[in-house]
Amino acid sequence: MPNVSHARELSQRIARTRRDFLRDAAGLALGSAFCRPAWAKAVASPSKRKVVVITFGGGARDQETFMIEGQENIPHLMSELIPQSSFFTQVINRGILGHYVATASLATGVYETFNNFAAVSPESPTAFEYFRKDLKRPSSDAWVVAPSNGFNRIGESSHRSYGPGFGARVILPKRLLSAATSTSSHDYQHLLRDNYETPYFTPELEGNEFELQQLEMILKLSVDDFKSHAQTLSSPDELSVYIARQLMRHVAPSLLWITLHDIDVAHAGAYSLYIEGIRRTDRLCSELWKAIQTEPEYAGNTTLFILPDFGRDSDEDAGGNGFQHHRTGDTLSRTTWMLAAGPGVRQGVVFDRAVDSTDLVPTLGAVLGFHASLSQGKPVQEVL
Amino acid sequence: MLPSDLKPEKFDGYPPEARKIVVNYLAVLRQLPLSFVPGLLRELVNYDFKFPAERKSHDRELEYLSTLSAGQMKECFHGFADISLSKQLEDFDWVRSPAQFVERLSAHLWSTHQLDNFRKVSNDYADRLRTAVPPEPPPIPRLGMSVIGQGVSSYSDPLFRKLRAHGAYYAHINPDNGFQDLLDAVTVRAKAHPTPYGHWYIDGGESIACDAALACVSYKALEPTRTVLLRKMQEEIDRPGMGPEALRTTMAQMRPADLGMDRGGGLHDEILERFEVSVLTEGSGTQIFSTVFAQWAAREALRRAQPLTLLVRFAPRQRQRPMNEMLSAEAKVPPELDFVGSLIDGDFAAYYNWLNQQRLPGAEKSCFLVWFEGHNQALAIGPSTPRGSESASVADLRQVLAWTL
């Protein structure tokens, strides 16, 4: 299979390049799986541990992020987060490169194969279902903050041994806002952008009473306060992060999954908007990390994972149009990265070995104490 | 149906030139695997509306395949033959609707984890074809020119960063009459080397008057077409059960007449009109952002028409607004423009214009120029231009072109 070995070689080259850029810019050391400090295990017991997963906004390429010319776009990652993290330079997604199906694959640890644009649940159990069923946790302990209507079934699979009743609660901030502003939505249109993957297809958002009840009962936010704060925000991801912070403060779920999506405006083809999206995502990741460190329920017992669901097409592949899409399936669009930070996770270390996208769920299981029995991946030992 | 079952009457619905070439090479098509033939037919069905360079490329490919023995054919296409297809794909009417088949094939390849393998066999085939039928070099070195930053009064960040390593940066350009000089250069080349669709002028705003020898496409001229298209898109989106894939299929089937295109005054050119429609219906973002329109039109012109000369001028695009609002055909007030964002878009798009030009035959002799419109900065790339250099010369664009070509 010469194409497989060629792809592997390209992935390794991307990983080495990332490592070299990070070593030069952030002074990181090359890590090994076999040397962990003694304090690494001195963290909270699994029952008190929390995990926050952030998917990094629709995928960004190295040349706009980790390479020399791109580092100006990710100052927070470079100077704040990466020095405090274990950084994996080679996370490979072997599945379908569509955002909903790829995020579902990340959340199940299995490469899902459903139609990316279909309103369906993942077929394999999600991390949320393993977590809740194995550890007998209530529904309030696992939440997903998702960017668009298409993600409303991400929290729960159709698997007959799990599925209904075991999933995460999914909050769609744009639906909330749509419901809250039903009579005056014009002032909030900039926060309701949706579905970048097919920019010319924008289903209307609809909210209902349930969402408004969520707002008041769970997030402890009055409609007026929510509307008033939303007016100070500039993008859908800012709205998502605002909601995530409310959740952290008032519900404090042990497993919180936040899918950022602003970067995916790249599908519209305007490079400046793509760069703006990267810079905003970088800032929002930093804000969430700071929130983790300052919220009493999270400080000192939370592991943060940040990873894109996949990359974007390279400039070299004539079949694509560079940054705009992720349609070629080339090595660059399949080879991404992951950052892990928190108690027990080694700081300022880079790992070059290949990690699979499906390894995330078993890793979350090892951190939180559940067994992802149907996942195709393996726990990433370096962060355990 | 399998390719081996193909018969001439199956192609009765094809336009005349397309039908002729397909029937001429039916013996070749019958030997090809199903994972390959519809992709070829998707191109051939539009043969009547293809640019000369595309036609020649298809002719040469088919002629080459017709020279292969049965054994060579099998060896050449075994990778495609090994791709596993579903019964639904085999049963699909791929002769009548090859583009829809290819869309379904793509989804099938992704979901069955065969995409990487398909990519590999496709690349191998393209390499083999290039070796067996080397593309002909252009009669003169190609020249690409990109003009960016229209309307920006000042900008202090460095420009042309992706291109600087490949050419000479000029910081003392005299901008007077700059755009007209570039357009004149295209006209001179078009008159000296007349070739159908060989010399192009693409404008992301309103084009200025140009010689009829140039293929001219502009965002502004297509405004009525875009309005009709946006209205049709909105109607489709509002239909119950309509999804993004169905919308894409519907858009791909749109023809100039569906969008009310009529150049009038004897200027009817269906090949160019179909090109314009394809830019608007197949490109993502081309309907709403002028910078994206200009970049995608340039990409497609280079890929398909392989022009000898291409001048692309980027104009300010509208500021980003919610997608629903941008897609609305019933704009009540002119949209606010994003000048600096458009400059950044154009700067990167110029890099893509150069990359796409370099993918064409004769790349080693090709020349390229990018200019910050109305300002003193430009960058030129040519076979004799020192790479990564910076020129202190005070010059106008005519002089820079003369030094570069």
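The values are calculated or read from the model by the stated rules, or taken from the named source; none is laboratory data. Treat the numbers as computed from the prediction; the structure is a model and nothing was measured. All Cβ positions, even for glycine, are placed from backbone atoms using ideal geometry, and neighbour counts span all protein chains on display.
Structural remarks
- Test: residue in region A:32-45 that is modelled with pLDDT of 70 or more and surrounded by 11 or more Cβ atoms within 10 Å (Cβ to Cβ): no
- Sole residue being over 24 Å from residue B:317 (Cα atoms) and not in a helix (DSSP H, G or I), chosen from B:213, B:209, B:185, B:221: B:213
- First in region A:295-318 and over 23 Å from residue A:336 (Cβ atoms) and at pLDDT 95 or above, second anywhere and surrounded by fewer than 16 Cβ atoms within 10 Å (Cβ to Cβ) and polar (S, T, N, Q), Cβ under 8 Å, 6 or more apart: A:299/A:293
- Residue check for residue B:155: aromatic (Phe, Trp, Tyr) and in a loop (DSSP other than H, G, I, E, B): yes
- Condition broken by residue B:160, with the remaining ones in (1) outside the structural domain of residue B:369 (by TED's automatic domain parsing); (2) under 25 Å from the mean Cα position of the chain (by Cα) satisfied: (1)
- Some residue of region A:291-298 being out of contact with any strand residue (DSSP E or B) (no Cβ under 9 Å at 6 or more places or on another chain) and either crowded, with 24+ Cβ neighbours inside 10 Å or not in a helix (DSSP H, G or I) (or both): yes
- Check on residue B:304, within 12 Å of the chain's Cα centre (by Cα), within 14 Å of another protein chain (Cβ to nearest Cβ) and under 25 Å from residue B:150 (Cβ atoms): no
- Of the residues making up region A:93-141, those that are more than 23 Å from residue B:117 (Cα to Cα) and without any contact (Cβ under 8 Å) to a residue 24 or more places away in the chain are A:118, A:136, A:138.
- With respect to being of a type outside the set (S, T, N, Q) and part of a helix (DSSP H, G or I), residue A:239 fits the description.
- Only residues that are closer than 29 Å to residue B:269 by Cα and among the polar types (S, T, N, Q) were counted in region B:50-68, giving 1.
- Highlighted here are the helices (runs of 4 or more DSSP H) found entirely within region B:298-405 that include at least 1 residues which are at pLDDT 95 or above: B:339-358, B:397-404.
- Restricting attention to region A:75-103, the residues being under 22 Å from residue A:13 (Cα atoms), within 14 Å of another protein chain (Cβ to nearest Cβ) and under 16 Å from the mean Cα position of the chain (by Cα) number 3.
- Evaluating residue B:254 against the criteria (1) more than 23 Å from residue B:96 (Cβ to Cβ); (2) outside any helix (DSSP H, G or I); (3) not acidic (Asp, Glu) leaves one unmet condition, (1).
- Residue match in region A:173-181 (condition: more than 14 Å from chain B (Cβ to nearest Cβ), modelled with pLDDT of 90 or more and more than 17 Å from residue A:260 (Cβ to Cβ)): no
- When residue A:286 is tested against the conditions (1) part of a loop (DSSP other than H, G, I, E, B); (2) in contact with an Asp or Glu (Cβ under 6 Å, 6 or more places away or on another chain), the lone failure is (1).
- Residue check for residue A:259: within 28 Å of residue A:101 (Cα to Cα), touching a Pro at 6+ places or on another chain (Cβ under 7 Å), crowded, with 20+ Cβ neighbours inside 10 Å and away from chain B (no Cβ under 14 Å): yes
- Top-ranked residue in region B:216-232 [being within 22 Å of the chain's Cα centre (by Cα) and within 14 Å of chain A (Cβ to nearest Cβ); ranked as nearest to residue B:186 (Cα to Cα)]: B:219
- Odd one out for residue A:366 among (1) touching a residue at least 24 places away in the same chain (Cβ under 8 Å); (2) more than 14 Å from chain B (Cβ to nearest Cβ); (3) outside any loop (DSSP other than H, G, I, E, B): (1)
- Hits in region A:104-121 (condition: under 15 Å from residue A:168 (Cβ atoms) and within 14 Å of chain B (Cβ to nearest Cβ)): A:104
- Single unsatisfied condition, residue A:89 versus (1) within 24 Å of residue A:343 (Cβ to Cβ); (2) free of Cβ contacts under 8 Å to residues at least 24 places away in the same chain: (2)
- Unmet criterion (only one of (1) over 26 Å from residue A:239 (Cα atoms); (2) crowded, with 20+ Cβ neighbours inside 10 Å; (3) away from chain B (no Cβ under 14 Å)) for residue A:331: (3)
- Some residue of region B:239-255 being acidic (Asp, Glu), outside the structural domain of residue B:42 (by TED's automatic domain parsing) and surrounded by 14 or more Cβ atoms within 10 Å (Cβ to Cβ): yes
- Only a single criterion out of (1) out of contact with any Gly (no Cβ under 6 Å at 6 or more places or on another chain); (2) assigned to a helix (DSSP H, G or I); (3) within 12 Å of chain A (Cβ to nearest Cβ); (4) surrounded by 18 or more Cβ atoms within 10 Å (Cβ to Cβ) is not satisfied by residue B:287, namely (2).
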